Each structure stands twice: as structure tokens, then as C-alpha cells.
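The block underneath contains the structure these notes are about, expressed in C-alpha cells.
Please treat every number below as a calculation from the coordinates, not as lab data. Predicted, not measured: the structure shown is a model, and the values here were computed from it. Reconstructed Cβ throughout: ideal geometry from the backbone, glycine too, with neighbour counts over all protein chains shown.
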Amino acid sequence: MTDRPNILFIQVDELAAKAMRSYGNTVAKTPALDALAERSVVFDAAYCNYPLCSPSRASMHAGRLPFDIQQWDNGAEFHADIPTFAHHLKRAGYSTTLCGKMHFIGPDQFHGYEERLTTDIYPSDFSWTSDWSRPIRKGGGVRMVNVVDAGVAVRNLQQDFDEEVGFQAVRKIYDLARDPDDRPFLLTVSFTQPHPPFVAPQEYWDLYEGVEIDMPEVPPIPFEELGPFDQAKHHAQGAHLYDLNEERTRTSRRAYYAMMSYVDDLIGEVLKALAATGLDENTVIVFTSDHGEMLGERGMWMKDCFYESSVRVPLFICAPGVAPGRSDAVVSLVDLMPTFLDFAGVDLPVPTGQDGASMVPLLHGQTDGWRDEAIADYAGSGYGAPSRMIRRGRWKYWLTHGLDPVLYDVVADPNELTDLAGKPEHAGVQAELHAALMAGWDPEWVLKNCKDSQKRRLYLRDLTEQTPRYDTWALEVRQGDKDRYVRGRQASFHRKALQRFPFVATPPIEFEPEDENLKP
């Protein structure tokens, strides 16, 4: 059994591929990840399957597309009857450990992992359920505080969390090295940065002193020129409440790079421990993010959309016997489960199903038969209808129920400035992609079930919040974890989510929201 490789799976949160040196960026200082990329196969066209934390991670673990397992938003339960790659590897004789963030929603906080070494940073209850019954124009703007308050922090909750994750991961590696248990291991290490708020310790901020911070390649697009989906995102995130000017954009991007450097150091310590114990000689190392970050492109921030900065993710795979290089094959996070099982020599039990395929042949340059396709779903805050995207080859096509479709050639037009949908010369490609996107997807069914789920979850959320002893399902690895980090929708939530030292006050609303009610 010991000849089967161990698997070290490292994930970060909200890291845009285009922000990394391994994808052409010249600003970020991430020596540990740069070195890992040099000994990995780097995937140039890797995608998440939902540009939002919890659904992306549940889908990835299950190897299933989000809507197929009722992953509607950040408050949708990840049901315990859905097998994950942790379950399959555990059944095959692997030890399975999760250290860090995974944002599982529901009472099952393990999903096949034998142990979790830390609590989670975010709530595991229905607190973050989307509510399409509310007018979009009432967005509170809290998410944009991440941009206008960007800068230096001596300490914030994310730093507390990631340092705990890094410490526990390093300790676990040494424990695995001296453990008489000879089972191969799956160790998932998941950090929360560079997820906003965009703040970093002074020493990492100073790494970029005198460095020319690159600005978005696509400048802000006037509100009246945005499509309905983008207008809804603009309002839902509160972008209409603040002046997101050039100075704030540059400051936020600098803080983001500083956070990348911060988490890179923590990842470096994990990789150093793996090498020091000799475990790296028989360990597959996989690095990725759960989704990207718009970083001001088109004047947009966070994720929640299908533009490249939001839905494309970095992906490195470093494996014994695999030569480093690059792959331009289109892949997605649902391909990780069959890839892990392929490394472990495990056949997937047929009843569990899967939407991905093993990337192991791609690591050896074998592209014959690869479908070259990625599908992503979205039904979060903003426009109140489900969306689905397909990337196939050079083409990206997406459809939001009730709106016109969008088609881009992302090879010729990487900034997605020219919508080709409806153009006669691209009618054949559009028809082919539309048929592929709609296969097995009924947007009316999704819309009804998503709305029904929202109503049930919002009812339970509001009811249970009135119960003093309500159990939020938060994992308690150590005493006090049920109240540690970001928990629930209490009045103090927004303050706690952005909490930092020294304290920085939330800025006032700078101008009134537009009058448009964008609710479809």
C-alpha cells in the first residue's frame, strides 16, 4: 500500500490566475509558489465550477457540477449522502485530513475526512442564503468596504486563521512522517487569503514599496453600458455606494499582492516540512484556488460572474515521475476527484457518479479524447435567475435565464471585449455550444428549485436566529471555536468580518444609489 502516492492538496481562496507570476504577472512576489510551478505541470485554462466559495468547494469535492447537487449559493447545504474524493480515498485505505477552510454548509462538517485540524472561518449554517425576493438596489455595500478600506493591518481575522492553518499543517506533516501507520495520506491544506478584506501586515505591504502596481487591463465600464447581469452585480455588491477611483483600485491591488506574498510564505513552510521529512519523494502536490477575483477589471470586484478573472483559477500538479511543463487543455475543479483516484489506483464506484475526468493522461502529454471543456454554474446574489457557462476550446458561452446569451473567443479576445453572440459568422459555434450547455440543464427547473430552497432556508435562518441556543453546526476543534472567526448574521457580523487592528471605521456612503430596480 505504501507505494501509492500521498496527496498534498493546497488550496487558497479568491486567487486570480492572472495575478500570478506563473501566468505572466510581473508584480506579485511569491517565491514558494513560483518554485512549485517550475516543477509542476501548470494548467493555463483551468476553471472553477461556481465562482463563489462554498458551492465551488462542494462541487470540487463531489466531482459533480454544482446545480446537479443543489449547490445554489453560499448558504446551500452540502448533503451528507454525496460521496467525495475524501470518502473514496478513505475507502481505498488512505488517511484523510483537512486543515483549514472548506466552508461546508450543514451538520456534516467532515464529508469523508477522518479529522479536521482547525475550525472553519465562515459560518456553516444558512446565514449566507441568497434572497432573490429583495430588490437588488438595496445592496448594503459591505463588500465594497473591502476596496475602500484596503491597506495595512497589524492583525485581522484572516491572519489569525491562516497562521493557525499553517502551523497545524506543518505539525501534521511531521506527525505523518513519524506515525507507524503506513497508510498513504490525503492532506488538504486550505488558506483563506487572498480573499478580501484587502489588508496585509506592514512587512508584506512594504514588499511593494516603490513597485509599480499594475492597473486593470480593462478600465471601468459606465453603468449605462453594462448588461443586465453586470448591472445587477454592481448594485448587489454596493459598488454604487462608493467612489471606486484609481487610487483605491491601486491600493486594493497592492494589498492583494501583499496578501499573496503573506500566504506564499505559509505555503512555503508547508512545502519545506514536506521536503524535510522526505515525504515529498512520494507525494503528489496539487495547488489551486476555489475561484478568482476581478480586481477592478471592468470596474468590477470580487467574483460572482463568468469573466476570466473571476472563474479561471491557477492549477499546478507536481507528481513523482511527471516532467514539469504546461498544458493548454481546458480543465475544471470537478476533474480533481477522478485525478486523485487515478493516482491512488482507485476505481470510482459507479453509483456515485462524476462530471469530471482524470487529468493524469494530460500530465504525460496525452490529449487524445480529452473533451477540452469546463462548465460553471451561478445562482448567487445579483441577478435573480440561474446562469451557466461553458468553455470549450477557444470559445466561452454563457446564458443567464431570461437574458441574451454571451459568446467570446477568449484566445483572440482574452479581455472579453467583443461579444460574438448573434453574429451570423459565429452561428454554428453558438448553436453547438448552446446545445452542449443545455444538455441536462433545465433553467426553469433550476429557477423553481432554487427559489423554493431559498424560501425554506430563509425561513429556518430567521427562525433559528431567534433561538438563543441555536447550534450553527460550527465545528469545535478547540473550546470556543463556535464563536471564533465569522459566525452567523448577528448585528456584529459585518464589523467582525472586517475586524482588524488598528481599527478602521467603515466609511460613510458617499453618494446615493441609482434609482433603477434591476430585479427581473
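From the list 188, 251, 192, exactly one residue is of a type in the set (Ser, Thr, Tyr) and either over 30 Å from residue 287 (Cβ atoms) or in a loop (DSSP other than H, G, I, E, B) (or both). Which is it?
On the way: 188 fails: either over 30 Å from residue 287 (Cβ atoms) or in a loop (DSSP other than H, G, I, E, B) (or both); 251 fails: either over 30 Å from residue 287 (Cβ atoms) or in a loop (DSSP other than H, G, I, E, B) (or both).
Exactly one of 188, 251, 192 is of a type in the set (Ser, Thr, Tyr) and either over 30 Å from residue 287 (Cβ atoms) or in a loop (DSSP other than H, G, I, E, B) (or both), namely 192.
Out of 228, 184, 220, one residue alone is surrounded by fewer than 19 Cβ atoms within 10 Å (Cβ to Cβ) and touching a Pro at 6+ places or on another chain (Cβ under 8 Å). It is 228.
Do we find that residue 387 is under 22 Å from residue 14 (Cβ atoms) and touching a His at 6+ places or on another chain (Cβ under 8 Å) in this structure? Taking the combined requirement at face value, the residue satisfies it.
Can residue 307 be described as within 19 Å of residue 55 (Cα to Cα) and touching a Cys at 6+ places or on another chain (Cβ under 8 Å)?
Working: within 19 Å of residue 55 (Cα to Cα): yes; touching a Cys at 6+ places or on another chain (Cβ under 8 Å): no.
Answer is no for this residue.
Taking (1) touching an Asp or Glu at 6+ places or on another chain (Cβ under 9 Å); (2) surrounded by fewer than 21 Cβ atoms within 10 Å (Cβ to Cβ) in turn, residue 48 satisfies each apart from (2).
If you filter the stretch 97-123 down to residues that are more than 20 Å from residue 464 (Cα to Cα), touching a strand residue (DSSP E or B) at 6+ places or on another chain (Cβ under 9 Å) and of a type in the set (S, T, N, Q), you find that the one that is surrounded by the most Cβ atoms within 10 Å (Cβ to Cβ) is 118. When residue 215 is tested against (1) crowded, with 21+ Cβ neighbours inside 10 Å; (2) under 30 Å from residue 417 (Cβ atoms); (3) aliphatic (A, V, I, L, M), just one condition goes unmet, and that condition is (1).
What helices (runs of 4 or more DSSP H) completely inside the stretch 13-111 contain at least 3 residues that are more than 18 Å from residue 186 (Cα to Cα)?
On the way: elements: 31-38, 53-62, 85-91.
Correct list: 31-38, 53-62.
Listed by position, the strands (runs of 3 or more DSSP E) inside the stretch 262-360 whose residues that are buried (at least 20 other Cβ atoms within 10 Å of the Cβ) and not small (Gly, Ala, Ser) number at least 3 are 283-289, 315-318. The residues in the stretch 394-448 that are buried (at least 17 other Cβ atoms within 10 Å of the Cβ) and on the phi > 0 side of the Ramachandran plot can be counted, and the count is 1.
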